[in-house]
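Right, one structure below, let's go through it.
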Amino acid sequence: MKKTTSGWINGFIGVVIFAGSLPATRVAVADLDPIFLTGARATIAGLLGLALLLLLRQARPKMTDVQALAITALGVVVGFPLLTALALQYITSAHSIVFVGLLPLCTAIFAVLRSGERPGPVFWLFSTVGAAFVVGYAAMGGIQASPEGDLLMLGAVVVCGLGYAEGGRLSRRLGGWQVISWALVLSLPLMLPITLLTMPASFEHVGGPAWIGLAYVALFSMLIGFVFWYHGLAQGGIAAVGQLQLLQPFMGLGLAALLLHEQVSWTMLVATLGAVVCVAGAKRYAR
């Protein structure tokens, strides 16, 4: 019981940290190229993760774990940060956060695919209705306003769900902070050259808010948040603790309104609430 409670606490802290990711990314891409931002945040976090692994003398992962680490890195180190940074050039962070309501669903689907579980029809009913809420919201104005932004966000959610499921499964053996650290280190040979090649010739145009946004997504979204998140999944179980993701859209919408003064319409709230309710039902019948 104590271990389960600790898992919920760690998972909640991770979700709170992740809730600030999209608003921080929105601020950062105002002055920084999204590809440079993706490389820089992963490089900074990767160097810190490497230092932690060396300082605490962690054993290298087995060769059988490398593929799972690569999938985790593809989802949460490369895919989600890059696709969201590109998407936020077209849409507001409040708009993008609605799509995060699908993250628990994507995580559950990939967990099913990886573990071979066969959920019943009720699960797929909730899944379909939840997806309909998000697509319906986009059709009310998002698709006409920016099809590029919506498609990029959908892709980001899919790869992130894969990274969550794979990393959560692997963290039971390697440990929560070790999984994200090794995934970041595995990405360094790719992300460091990208950072150097896309670095602007001058940073004079980069304002303070953009630097704060970069610092947040590099330190908190890319590393610290995952330390709590994967540790929570390992302690409390992926299916149970994963439900805490349902709180993330509401936290993110509040941050977008509070910090960025973005308008949060009633349609956004209804779409998010509908997706959250449906994903909660799908998670219940995932097994």
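The values are calculated or read from the model by the stated rules, or taken from the named source; none is laboratory data. What you see is a predicted model; the values in this text were computed from it and never measured. We place every Cβ from the backbone using ideal geometry, glycine too, and count neighbours over all the protein chains shown.
Here are a few things to note about the model shown:
- Tally of residues being over 25 Å from Gly232 (Cβ atoms), surrounded by 24 or more Cβ atoms within 10 Å (Cβ to Cβ) and at pLDDT 90 or above across the range 14-31: 1
- For the range 191-228, residues that are outside any helix (DSSP H, G or I) and closer than 29 Å to Leu53 by Cα total 1.
- Scanning the range 256-278 for residues that are crowded, with 18+ Cβ neighbours inside 10 Å, touching a Leu at 6+ places or on another chain (Cβ under 9 Å) and modelled with pLDDT of 75 or more yields a total of 4.
- Only residues that are at pLDDT 90 or above and small (Gly, Ala, Ser) were counted in the range 218-247, giving 3.
- Leu253 meets all of the listed conditions (1) over 30 Å from Val185 (Cβ atoms); (2) without any contact (Cβ under 8 Å) to a residue 40 or more places away in the chain but one, namely (2).
- Here the condition is being over 23 Å from Val276 (Cβ atoms) and under 14 Å from the mean Cα position of the chain (by Cα); of Tyr216, Tyr164, Tyr230, it holds for Tyr216 alone.
- Boolean, Val135 is surrounded by 23 or more Cβ atoms within 10 Å (Cβ to Cβ), hydrophobic (A, V, I, L, M, F, W, C), within 28 Å of His261 (Cα to Cα) and at pLDDT below 80: no
- One residue alone among Ala215, Ala210 is in contact with a helix residue (DSSP H, G or I) (Cβ under 9 Å, 6 or more places away or on another chain), surrounded by fewer than 21 Cβ atoms within 10 Å (Cβ to Cβ) and at pLDDT 95 or above, and that residue is Ala215.
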